[in-house]
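Enquirer: Sharing a structure below in structure tokens format, with a few things to ask.
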Amino acid sequence: DLTSFEEIQRGMKPLGYTWDRWRWRADSTGFENAIDAIEQSLDSGKPVILSVNVAVPVYVHRHYAHALLVFGYDADEHEVFLLDPARQFPGKRRVPFDELRDIWREGRSFNSLFTAPAGELPVGHPR
């Protein structure tokens, strides 16, 4: 079963958190802005969920959305630290920004969920 962004948002609401969906254009400027927002959120102790498209080998020409949790980054090494539920436990991996740009792009945008306690805007929220 796949879990949509909408289901994640609904599931967190009773716990007193909101997840805002943000999108950036799938170009180099959009990616740089997205990375800046992710770093700001992580610096304030708030993880970020990314939506990526994955190919399913059984189905030719089919792609499905998959969620990755970003829990850290290394600015010097240009990497993010991800939890990937599709990988063997604990599913942690370090992903260079260049690789992230390739797997994160969904059509014409980079999609993510940013969290904050209910009633607050996430850090780095585009105004």
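Each value in this text was obtained by applying a stated rule to the coordinates, not by laboratory testing. Remember, predicted model here, so these are calculated numbers, not experimental data. Positions of Cβ are backbone-derived with ideal geometry, glycine not excepted, and every protein chain shown enters the neighbour counts.
Enquirer: Given R₀ = 22 Å, what would the calculated FRET efficiency be for ALA75 paired with ASP27, taking r from the Cβ atoms and rounding to 0.05?
Expert: It comes out at approximately 0.55.
Enquirer: If each residue of separation counts as 0.36 nm, what is the full-extension length gain between TYR17 and ARG93 once their alpha-carbon separation is subtracted?
Expert: Extra length available between TYR17 and ARG93 comes to 24.8 nm.
Enquirer: Amide H of VAL48 versus every other amide H placed in the peptide plane: which residues, excluding those fewer than 5 positions away on the same chain, fall under 5 Å?
Expert: The answer is VAL70.
Enquirer: What are the residues whose amide H is under 5 Å from the amide H of TYR17, where those residues sit 5 or more places off or on another chain and H is modelled from the backbone?
Expert: Sorted by chain and number, the residues that satisfy this are ALA118.
Enquirer: A further question on this structure: Given labels modelled 7 Å from the Cα in the Cβ direction, how far is it in nm from ASP84 to GLN40?
Expert: 2.8
Enquirer: Tally Lys/Arg at +1 and Asp/Glu at -1 over every other residue whose Cβ is under 15 Å from the Cβ of LEU83; what's the total?
Expert: +3
Enquirer: I want the local charge near ASP74. Using Cβ-Cβ distances under 11 Å, sum +1 for each Lys or Arg and -1 for each Asp or Glu among the other residues.
Expert: Combined, the nearby Lys, Arg, Asp and Glu give -3.
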